[in-house]
1. Along the positive direction of the dipole of the chain (beta-carbon charges: Lys, Arg +1; Asp, Glu -1; about the Cα centre), which of Gly76, Thr156, Ser7 reaches farthest?
2. Do you know the relative contact order of the stretch 37-171, to the nearest whole percent, from alpha carbon pairs under 8 angstrom that are 6+ apart?
3. Order Ile138, Ile99 by their accessible area, 1.4 angstrom probe, all chains in place, largest first.
4. Please report, in debye to the nearest 20, how large the charge dipole of the chain is about its Cα centre when each Lys and Arg carries +1 at its beta carbon and each Asp and Glu carries -1 there.
5. Once each part is reduced to its C-alpha centroid, what is the distance from the stretch 149-166 to the stretch 1-64 in angstrom?
6. Quick check: at a probe of 1.4 Å, how many percent of the accessible area of the chain sits on carbon and sulfur atoms?
7. Can you give the accessible area per residue of the chain, in Å², using a 1.4 Å probe?
8. Whole percent per 5 Å bin, from 0 to the bin with the longest distance: what is P(r) over all C-alpha pairs of the stretch 1-81?
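The values are calculated or read from the model by the stated rules, or taken from the named source; none is laboratory data. This structure is a prediction, so every number in the text was calculated from the model and none was measured. Don't worry about glycine lacking a Cβ; one is built from the backbone with ideal geometry, like all the others, and counts go over all protein chains shown. The protein model used for the area step is the full one, side chains on, heavy atoms only, and it has no ligands, DNA or RNA in it. Shrake-Rupley method; radii C 1.70, N 1.55, O 1.52, S 1.80 Å.
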Amino acid sequence: MAFKRLSDEQLVELVEAAIFVSEKPLSKRRLQETVLQDFNISAKRLTQAIDSLVEHYSTRGVQLIEVASGYRFQAGPSLAEPLSKLWPEKAVKYSRATIETLALIAYRQPITRGEIEQVRGVAVSSNIMKSLLEREWITVVGQKDVPGKPALYATTKQFLDYFSLSGLEQLPNLPEQQDVKLEQILSDPSVREPS
């Protein structure tokens, strides 16, 4: 198969347009498998084109950012408040219990529902877990090897994308006291998974 030629400028334009029109973030691999499949573009050359776009948009109202599932354009954080007037409906408000549950899953994944309840000191509502699963912010990644084989939960790429993170290492660090306390609670042998 003969590959078509593409100049560096054309490559940047094509990558820019593809990311711009895509409904979801585009990974380098997805770009190679779709819009770039007829061109022999090396990974290095694609990376250079994306870096060029990131730099170009770094001082603009719209920025090209990398999230867990690829690259996307989004408005700069300093513009969030004025742009929110474009969508007058109220943002979804999440309960404290939902936020705590999501935070525990994000920081201690994989984690069972019983372990979440252990830390929080109260039962986790089925509606909370259902809502996080429906939103595709969490998923079941396996079962813990204890009696009853409870489900293990972890966050998803959609969770990272929603919060504009490319990986879990970008989560803010927990204060050391809270981190130590969580470890103590989760490693306490006197607390068992419900069967």
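1. Going by the Cα projections, it comes out as Thr156.
2. Relative contact order comes out at 23 percent.
3. Ranked list, largest accessible area first: Ile99, Ile138.
4. Around 420 debye, computed over the chain.
5. 27
6. Answer for the chain is 52 percent, counting heavy atoms of protein chains only.
7. 66
8. Bins of 5 Å from zero give 3, 15, 27, 25, 16, 8, 4, 2, 1, 0, 0 percent of pairs.
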